[in-house]
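The values are calculated or read from the model by the stated rules, or taken from the named source; none is laboratory data. Owing to the predicted nature of the structure, the values given are computational and were not obtained by experimental measurement. Ideal geometry is used to build each Cβ from the backbone, glycine not excepted, and the neighbour counts take in all protein chains shown.
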Amino acid sequence: MHERMNQALSLGLLIGAPATVILFEWATPLTTLVYNAPEAGLLLKILAPMFFLHYFDAPLHAILLGLGRAKATLWNYVAATIFKAVSIFVFGSQFGIIGIAYGIGIGIVMQTLLNFFSISGSIGFYWSIRPYIKVGIRMMLMAICGHWTYDYLTVQGLPLLWSVIASIVWSLLIYFVPLVLTGTLNWKTINTLLQFFQIIYHV
């Protein structure tokens, strides 16, 4: 069970890390291209780090159901929803739309933590910190290289769309190439990822 749990969390980390970096680092360019609203970039920057935990919440939710703790899953969801609603009201009334963004993010964090503690109380929770450190280092390299590339292409006069696409592709190469070279990412891992997403889709 612990091996499967660590595998599920590792897969969530593998996908969630680059997605979070992209949404945070390219927040303003993305909201400008998609919504023509650069001011919305700040909201995306606020939500992206907190929604990083959402990639762990789905496998944690599935693990709880697998342990036969559907009731705990339900109460965790209810408690997190109530806490999110209160947070949105409190922060929204004080800080406007920025406060609402924080309230939504806090709700995600609360639900993930509740599911985490529920699993810990049932079977314990053991993990190796090394993969998370390695991913953290790759996330920093991805953000630094991607930011530098975007700035460079923008200065060279490349249109915003192509600057964003090129810099994101380059940053993703920085993240995934070491995984391929070290054998961490292979066809077996990709197949496991597809199975993982199918399970999450049906949860």
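The set of residues in region 54-74 that are modelled with pLDDT of 85 or more and surrounded by 13 or more Cβ atoms within 10 Å (Cβ to Cβ) comprises 72, 73. Scanning region 24-43 for residues that are crowded, with 19+ Cβ neighbours inside 10 Å, among the hydrophobic types (A, V, I, L, M, F, W, C) and free of Cβ contacts under 8 Å to residues at least 40 places away in the same chain yields a count of 1. Within region 123-136, does at least one residue satisfy the condition of being closer than 15 Å to residue 48 by Cβ and surrounded by fewer than 19 Cβ atoms within 10 Å (Cβ to Cβ)? Checking region 123-136: not a single residue is closer than 15 Å to residue 48 by Cβ and surrounded by fewer than 19 Cβ atoms within 10 Å (Cβ to Cβ). Between 168, 98, 119, 200, which is modelled with pLDDT of 90 or more, surrounded by 15 or more Cβ atoms within 10 Å (Cβ to Cβ) and at negative phi? After ruling out the rest, the residue left standing is 168.
Has region 153-166 got at least one residue that is in a helix (DSSP H, G or I) and more than 21 Å from residue 23 (Cβ to Cβ)? Yes: region 153-166 contains one or more residues that are in a helix (DSSP H, G or I) and more than 21 Å from residue 23 (Cβ to Cβ).
Conditions tested, residue by residue: (1) more than 23 Å from residue 13 (Cβ to Cβ); (2) touching a Cys at 6+ places or on another chain (Cβ under 6 Å); (3) of a type outside the set (S, T, N, Q); (4) free of Cβ contacts under 8 Å to residues at least 12 places away in the same chain.
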| position | (1), (2), (3), (4) |
| --- | --- |
| 61 | no, no, yes, no |
| 70 | yes, no, yes, yes |
| 76 | no, no, no, no |
| 94 | yes, no, no, yes |
| 101 | yes, no, yes, no |
| 117 | no, no, yes, yes |
| 134 | no, no, yes, yes |
| 149 | yes, no, no, no |
